[in-house]
Amino acid sequence: MPIKVLDSWALIAFFEDEPAAERVEKLLIKAEAGDHKLLLCVVNWGEIYYNTMRTVSQDAAEQKAKEIAGLTIEIVGVDDDNLELVRQAAIYKATRRLSYADAFAAALAKIRNADLVTGDHEFKVLEGEIKIDWLK
């Protein structure tokens, strides 16, 4: 089954009904149908939470957390079992111009041989190294 990694940009676009929201919604529907698997790193989950809390409120952030929990997205944790993920994120952070959270999304895509779904142009530095499904 194909695997796709969502970064926070993709889900924020979906929640805020930005132009890319329709494409993200189609990905969610296909995941629900079993056409592919969607992953989200817990670090990127936290990025969505803090962004919502900072721009709206903690109650809104809690609501987003509940909405994400209701979607067909596997949250991938960062723990002793995922040191390969942490190592790859650290390598990307040290060698590319990426935020630490974005480095985790990219590392997850690389390790799982998945497409990274994003519209964040910060990931352009990784074209050719990971597969990127660009949202517009």
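What follows draws every value from the coordinates through simple rules; no lab data is involved. Everything numeric here is computed off the predicted structure, so don't read it as measured data. Here the Cβ positions follow ideal geometry from the backbone for every residue, glycine too, while neighbour counts run over all protein chains shown.
Quick one: Arg87, Arg23, fewest Cβ neighbours within 10 Å first, how do they rank?
Starting with the residue having the fewest Cβ neighbours, the order is Arg87, Arg23.
Where does the charge balance sit around Ser8 when Lys and Arg score +1, Asp and Glu -1, over other residues with C-beta under 11 Å from its C-beta?
Computed value for this residue: -3.
Which Cα, out of Gly77, Ile12, Phe123, lies furthest along the positive dipole direction of the range 3-134 (beta carbon charges, K/R +1, D/E -1)?
Comparing the listed Cα positions along the dipole, Phe123 ranks first.
For Val5, list long-range residues whose amide hydrogen, built 1.01 Å from N in the peptide plane, is under 5 Å from its own amide hydrogen.
Leu39, Asp115, Leu116, Val117
Report ³J(HN,Hα) in whole Hz for each residue of the range 29-39, in order, from the Karplus equation J = 6.51 cos²θ - 1.76 cosθ + 1.60 where θ = phi - 60°; Gly and Pro get x.
Result, ordered by residue: 5, 5, 5, 4, 7, x, 6, 7, 10, 10, 10 Hz.
If the reach is capped at under 16 angstrom between alpha carbons, list the lysines near Lys37, excluding any in the same chain fewer than eight residues apart.
Filter leaves Lys4, Lys26, Lys110, Lys131.
Looking at the calculated P(r) for the range 62-109, what percent of the C-alpha pair distances fall above 18 Å?
Beyond 18 Å sits 41 percent of the P(r) for the range 62-109.
How long are the semi-axes of the equivalent ellipsoid of the range 3-134, defined as square roots of 5 times the Cα gyration tensor eigenvalues? Whole Å, largest first.
Equivalent-ellipsoid dimensions as semi-axes: 21, 17, 15 Å.
When the Cα centres of the range 89-136 and the range 21-62 are compared, how far apart do they sit, in Å?
17
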